[in-house]
Structures are given as C-alpha cells and as structure tokens.
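A short reminder: the numbers here are calculations on the coordinates, not readings from a lab. Worth saying up front: this structure is predicted, and the values here are computed from it rather than measured. Cβ coordinates were reconstructed from backbone atoms using ideal geometry, including for glycine residues, and neighbour counts include every protein chain displayed.
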There are 2 protein chains.
Amino acid sequence: MSVITSVRTADIRFPTSADLDGSDAMNPDPDYSAAYVVISTDSGDELEGHAFAFTIGRGNDVQVMAIEAVAQCVLGRDVEALLADMGATWSLLNSDSQLRWLGPEKGVIHMAAGAVINALWDLKAKRAGLPLWQLLSRLSPEEIADLIDFRYLTDALTRSEAVEILTRAVPSRGQREEALLVDGYPAYTTSPGWLGYSDEKLARLCAEAIAEGYPQIKLKVGSNVDDDRRRLAIAREVCGDGFPLAIDANQRWDVDTAIEWITALEEFDLAWVEEPTSPDDVLGHAAIARGVHPIRIATGEHAHNRVMFKQFIQAGGMHVVQIDAARVGGVNENIAIILLAAKYGLPICPHAGGVGLCEAVQHLAMFDFVAVSGDATGRMIEYVDHLHEHFVSPTRVVRGRYLAPMSPGASTEMRASTLHQYAWRELRVATTEG
Amino acid sequence: MSVITSVRTADIRFPTSADLDGSDAMNPDPDYSAAYVVISTDSGDELEGHAFAFTIGRGNDVQVMAIEAVAQCVLGRDVEALLADMGATWSLLNSDSQLRWLGPEKGVIHMAAGAVINALWDLKAKRAGLPLWQLLSRLSPEEIADLIDFRYLTDALTRSEAVEILTRAVPSRGQREEALLVDGYPAYTTSPGWLGYSDEKLARLCAEAIAEGYPQIKLKVGSNVDDDRRRLAIAREVCGDGFPLAIDANQRWDVDTAIEWITALEEFDLAWVEEPTSPDDVLGHAAIARGVHPIRIATGEHAHNRVMFKQFIQAGGMHVVQIDAARVGGVNENIAIILLAAKYGLPICPHAGGVGLCEAVQHLAMFDFVAVSGDATGRMIEYVDHLHEHFVSPTRVVRGRYLAPMSPGASTEMRASTLHQYAWRELRVATTEG
C-alpha cells in the first residue's frame, strides 16, 4: 500500500494589475494568482498531482490555508483506494462537517476541495499515462455517474438519467476523439475587449483575432453605456455583420438596469450577454432573460456549486453554461454540471483566462464533446493569451482552436521555475510526520 | 483624529462535541468556535470593538485569517469617520475587488466582513453608551437606509420603499421600546430536541421547557423518519395539542424526499419546517413549500447574503425569515434582510445557539420590533442554553423571553478569561506599526 505522504502548498501571484490586462467593470486591478497544491506519495513512481484554486491576488493566502485544511482529509491515506473511487474521494473532501460549515459548498472552502480533487485527478491521469480528457472519456457511463454527488440534484437530474445520456454517446466516442485529435476544439477570445484598452488597441486586436481565426470575440462592458456603444460599434465595424460578438458585464447591473442597458446595445447583434447581475441571483437572471429575449444569457464562472447551476437552468436564466475549472468542487462537480446542461440541451462554453484556467478547463470541454453532448456546435472555450508560459504543458491554440492536450495529466502543473519565482510567501509543507 | 491602531484576532474553540450538545443530521459533532476580532483605537477612551464569526471547529483558523485579510481595509483609518458613516464602512469592507473574488459575498470572506463591521458596531454602541438595539432603533429612517447596500435588491426593495416602511414605525417606536424594557422579547428553545438525546431526555427537557414558559419548541429531524415520528409523538404528548412544535432538518433532504418526509410528519401539527434541503436551493424550497402547503418553511441560517434572502422571499420558499448574526455581512446586511421581510410581510425569527449567536442576534430582533415591523406577533428568537457564561454581558432569558440587553455595545464581547482559556492557537496581532 502506498499513501499520500505530503500536501505542499504555495501562494503564487503574478503582478498582472500593472498592465490592466484582465481589467473589467468589477475587477479593475487583478493580480492573477494560484493557491497551488502538490500531492506526493511514497509509491516510488515519482508522480505528483498538481492543481490550484484561482484567485486575483489579496486573499490568496486565505485560499492556500483552506486547501491545507481540506487536504488533511487525504493526508496519510491509501492513494490507490483514493484514486480508484474518485466519487468517494470527492465526498470525503466535502464531508467534514466542521469544514462544511465554512461554506457550505461555496467560497474558499469549496474551491479548496476543488483544488485537492483536481490535484488527485492530475495524479490519476499521469499514472494512467493519459491526458485527463481522454481518461474521463474512456470511463464507462456507470463509472462516470459514480463520480457525481447527486444530493440536491435529483429533482432535475437522476443517476439513471445521467447514465442514459452517457450511454447514448458511447458508440460514437471514438470518432469524436479522432476529430479532436485532428481538428481540436473551438476557442473564442476575450483578449481584445478589456475595459482598460484604448479604442485603437481594441480595433487592432479585433482585426488580429479575426486574422488568427477566432470564431467569436467578447468585450467587457458595464461601466458606461455610451462607451459600450462606441466600443461595440468599433468591434462590429472591424468584425463585420454576422460575426459573433459577445459582451460581459461582470455582475455590474441590477435587474432593471440590466434589461435597459442590454436593450440599448441590442442593435449590435449580441452572441450572448454574460454575468449581467449578481452571480447568486437565479431569479434575477431569469427576469433579465425574459426582458431581453431572444438575446442569450451566459453565466457560471462565479456560480459556486451544482445546486446553483441546477437552478439557473431550471429557471431559464442561463442559456450558455460557463463552467469554471477552479470555482466549483473540481472535476467531479463539473461533470455533474455538464450532465445537467446536456439534459436540458444547453451548450457548455467554459470560462477561462486568469492563470491556468484555459489549461484546466479544456479537458472538461473535450470530455463533454466526446462522452456527453457529442456535439461542438455553438460550443467554444474562452481563450486569453496570458501566463501560459508558466505551465509544463501549456494550452496550445492554433487558428482559433484548442489543440487536444496529449501530455499525461490535467495540464495543471506549473514549471518549477515559476513556483520559485512567483512564490508570494514561503512554501508551506504538511507531512505525515507532522 | 484617532485611528484604528490594531486588529487582534483569536481562534476560540469550545469542545462541545464531547456532549453531543448541538448534534443534528448534518452536524454530528460540532465544536462551537469563534473567529474572534478585537478592534482598538488610539482615542484614549479605552473602548474596543469585539465581535466574531461563528464556526463549528476545524477551519476556524481559516476564518480567522480571512478576518485578518478584510481588517486590513480599516487598519490605520480615521475611526470617527468610519463610525460616522457605517454604510460607507460596510462598502469599504466589501469592495476590495481582489478579496471579493473569494466569495463573492459568501463563505469565509463574507463572514469576515460581517465580523469586522460587527466589531465596529460594538465599538460605536459602546461609545454611544447604548445597547446596539437601542442605538439602531433611534436612528432616523434615512440614516438606517444609508446603512444598506441596495445593489442587487432594487427589483424587490428600493431605498424609498425602505424609508417608507421605517417612517411608518417612527411614531410608535417609543411605546415598543418601553414594552421591550418591561416584557422582553419571545424566545423559543431547541435545547430539548438534539438528535443525540435519548427519548427520556427529550421528554424531560420538553416538560422543563414548558414549565419555564417557552412558547415554542424545536426538534431536530431527518436521520430516520420512524425515529422522527416517535420523537415527535413524545414531544406532542408532553407539550399537548396546539403547542407550537417546529422541526429542523438541517439540509438533509432532496426536494422530493422533503415533500414525502414532511407529509409523513404533518399529523404532528408542525409550526414550521426548517432547512429542508440545500440552503442554496431557492427553487427547491419553493417547490417544497408548494408540496407541503400550508406547512410553513423556515430557512436563512446558511443563506449567505441579501441576494439569497431576496430570492427565497420572491419565490415563496421562505415563510419564516431566520436571520443569523454571523453568517451574512453583519448588522448592515441583516438590516437589509429585515426590511425585505417587512416589505413582504414575513416574520423575522432569528437563528441562534452556537456560541454568542443569541447575544448578537437579540439586538437585531429587537430593532426589527421597535423600528421596522412594529410587531412581535409570531416572532421569536431561538434560544439554546449554551456557553453564555463566556460573555461579559450574557443573554438573559426569563420565563421564555429575552430580556432587553442594557449594557452598552453589541453583547459580543467575551470574557478575558475565556479568550485566554479557550484560545486554540496563540493570539495573532496586526498593528499599524507593521
């Protein structure tokens, strides 16, 4: 028997606020950061699981400490048993009733559980010698269903419904896996649209994005409606009629304001409107969706767990399902959300950017394509060209498409030099030796 | 000008799990804990603000660290300015965009903001020489409205509606303040109903509670329906027909299970059913409410902010509004929630128990009575007879009623000997000197 001998954490922060990269109406000066975790064993294979929770700077130390608290649940345990039943392992990480009180299932304690389970997924995939998307896509429908905690979901999705959806996709998995290996998966870009950029930079970056082959561009909005109209007009002129232009308000509006503001922008033929109001406001999103019909509402990057996604979908407040690899409880909970979306016929278009979110979430979108929805129509993964150089196996986007990652693991391992150079504080270590 | 010179924190844990006090279906072994904060100034008056976030043990250190992160926003600032505009101070504590990402407005980072603003309220009330409920109840309607962040609320409650509700209560404030000073405020008790107790202990404690004058008793349920029926039958027999008996499922059920289970208990004439499912599931609570009509649904102790309360009320999933003093963003956000409840004609019946929650929340219920709803009919504060001896000005409940606290402050200051004896780790200190 081999056991988990150490859970190392690191507080990694990149000084991105200096360039206004990533600036939007709610987050004017993010310093993209990772509350990073490395899980080691005594199995002798020298493989480690790497993952992180994503934050935007201050408080990353709190997130690191939450990871350390949650990781106590697995330290010293039999690693083969943990990796063999990742559904039970997810429950283990989420079932300490004292830690649960800090959420429940939300905020730093839930993101911590997500980071730890994702590190275990990275380890499991490395052990299997497969990229995570391929590992997941080759599990049986029952094995996939076993990963999901159906508590609080059964009024919208039962285990047997999940198995049925997954089973339908089985016969054609192989051809989609092949298609991914040849063609990759669609990306869209938010790089041109940050609020801090000048009109000239916006126009230039839109033209570049189109030249690079991106099928959609997203602009940040919500600070000033006249600015938004001017910037959308520029983007529309550069991109041409019919080109998909989405906007992202980053939670800026109240419900009535959202309806007015979006209506004032509707002439620009919006592909979707993202995060129009509080990410907690299911009923608000549904009211906005009715008020601006047929414009589609996209949200999810701040929806904190499967219960929130369930409700957004039930209420008709989420037409585009924007999963995030590091907000909810990791791979397992995202699989539950992907299956919810599949049941209700909604597209998964993951949130990415930040640091490492593109690397992590590409596996989930590709798993969705191969093993769940079986369809990439209208689906795409956000892409922001930031900080990829810090990863051992960085995301590769070519002509507007994510290439299928082929390295074993979850692509969530940072380079040792990055961990050294961007450590905000000293590495902390918890070991079985105490 | 005097400034905030230090924010001290302490990790205080009581070993309550040893006695099964506080055991319920989701929280079998809580160690009631306080992530405690003390704010000091250089004003020379020797007054300090004391408050806490409540947790149930492990992870209390994470909560403490979150408080330290949020408190940086006020350290070194002009204390008179902070206390003079507590609405602006609340916004300051919640507006650091980097820290906000850790929620937003949920989990440990939001509870941390609540603890810090509550410590400032304690300081402000001590400076005024008034108990907090009286300080709040003597503010003008406009001053009270200034405390509230109406962002994300305006589709349910506008500032002018809030002022209107508050203004209606003004002429009769004096008589209600007097009534409180004479009669106190109704309490109900959960002490007899913990899951870990034997049938004999349940019967004995029910009889004692009635003898002590409590107008309502609450039982924990949700582990086994036959046990629940047996325990409810005992309680009903001891308490007699017509006596209000509420039950609390502590998030145990899925939506359909909740409807079945509650229906199986309906013959016991339930005063309310508390937390039937996930505290995030607004639509689920609404479906359960429809399914068990006319039995009332109570929830709120884990609803993480005003946006959640807004939706529960809009959807008809919350008939009894159970504010908690230490879950949302403190006094300010609870005032927003109290006004939402008033607009929709719903009673405030605060969650309490744990450690210090009775002490803290009594001020909010009494403020509601004097300055908002003007009505105590069907309203009562939970009471659990635990750990009050650790407070400088403990809650006093006599013949089933909370006596109005009269000591200046928010009743949230623990005794120095308790802070010394139950400190889980060393006191940490952050000061302006570095």
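Per residue of A:62-71, how many C-beta atoms from partner chains lie within 10 Å of its own C-beta, taken as a mean?
For this peptide, the per-residue mean of nearby foreign Cβ atoms is 5.
Rounded to the nearest Å, what's the spacing between the alpha carbon centres of the stretch A:197-227 and the stretch A:122-187? Just the number, please.
Centre-to-centre (Cα) distance: 34 Å.
P(r) for the stretch B:330-414: what percent of alpha-carbon pairs falls in each 5 Å bin, starting at zero?
With a bin width of 5 Å, the distribution comes to 3, 15, 26, 25, 18, 10, 3, 0.
What percentages, rounded to whole numbers, describe P(r) for the stretch A:226-371 computed over all alpha carbon pairs with 5 Å bin width beginning at zero?
2, 10, 20, 21, 19, 15, 10, 4, 0
Provide an ascending nm list, one decimal, of label-point separations from residue A:399 to the equivalent residue in each further copy; define each label point as 7 Å from Cα along Cα→Cβ.
Sorted ascending, the copy-to-copy spacings read 8.6 nm.
State whether the stretch A:285-373 is rounded, prolate or oblate according to the following rule on the C-alpha gyration tensor (a ≥ b ≥ c being the square roots of its eigenvalues): a/c under 1.5 gives rounded; otherwise a/b larger than b/c gives prolate, and the remaining case gives oblate.
Prolate, since a/c reaches 1.5 and a/b exceeds b/c.
Taking only the alpha carbons of the stretch A:1-154, what extent do you get along each of the three principal axes, in Å, biggest first?
Cα extents, longest axis first: 47, 40, 31 Å.
Placing the label point 7 Å from Cα along the Cα-to-Cβ direction, what are the distances from residue A:240 to the equivalent spots in the other copies, shortest first, in nm to one decimal?
So the label point of residue A:240 gives 8.4 nm to the other copies.
For the stretch B:176-262, just the Cα set please: Rg and Dmax, both in angstrom.
Values for the stretch B:176-262 (Cα only, Rg and Dmax): 14.9, 47 Å.
Counting only other chains, and only Cβ atoms inside 10 Å, what mean value do you get across the residues of A:247-260?
Per residue, the average neighbour count from other chains is 2.
Could you work out, residue by residue across B:149-158, how many beta carbons of other chains sit within 10 Å of that residue's beta carbon, and then give the average as an integer?
Per-residue shielding by partner chains comes out at 4.
Looking at the protein assembly as shown, what % of the alpha carbon pairs are farther apart than 57 Å?
So the pairs more than 57 Å apart make up 7 percent of the total in the protein assembly as shown.
Can you tell me the Rg and the Dmax, both Å, for the Cα atoms in chain B?
20.6, 64
When a footprinting reagent is the concern and you count Cβ atoms within 10 Å, what order do A:50, B:319, B:285 take, fewest first?
With the fewest neighbours first, A:50, B:319, B:285 line up as B:319, A:50, B:285.
If you only keep lysine pairs separated by 8 or more in sequence, or across chains, how many in chain A come under 25 Å at the Cα atoms?
The result is 5.
Which distances, in nm and shortest first, link the residue A:167 label point to the same label point in every other copy, taking 7 Å along Cα→Cβ?
6.5
Antiparallel versus total DSSP beta bridges in the stretch B:166-415: what percent is that, nearest 5?
Taking every DSSP beta bridge within the stretch B:166-415, about 25 percent pair in antiparallel fashion.
From the P(r) of the stretch B:90-209, can you give the percent of Cα pairs sitting at distances over 26 Å?
Distances greater than 26 Å cover 49 percent of the Cα pairs.
Could you work out the percent of alpha carbon pairs in the stretch B:166-415 separated by over 22 Å, rounded to a whole number?
Tail of the P(r) past 22 Å holds 53 percent of the pairs.
On a 0 to 90 degree scale, rounded to 10, what angle separates helix A:107-128 from the longest Cα axis of chain A?
For A:107-128 against chain A, the angle is about 70 degrees.
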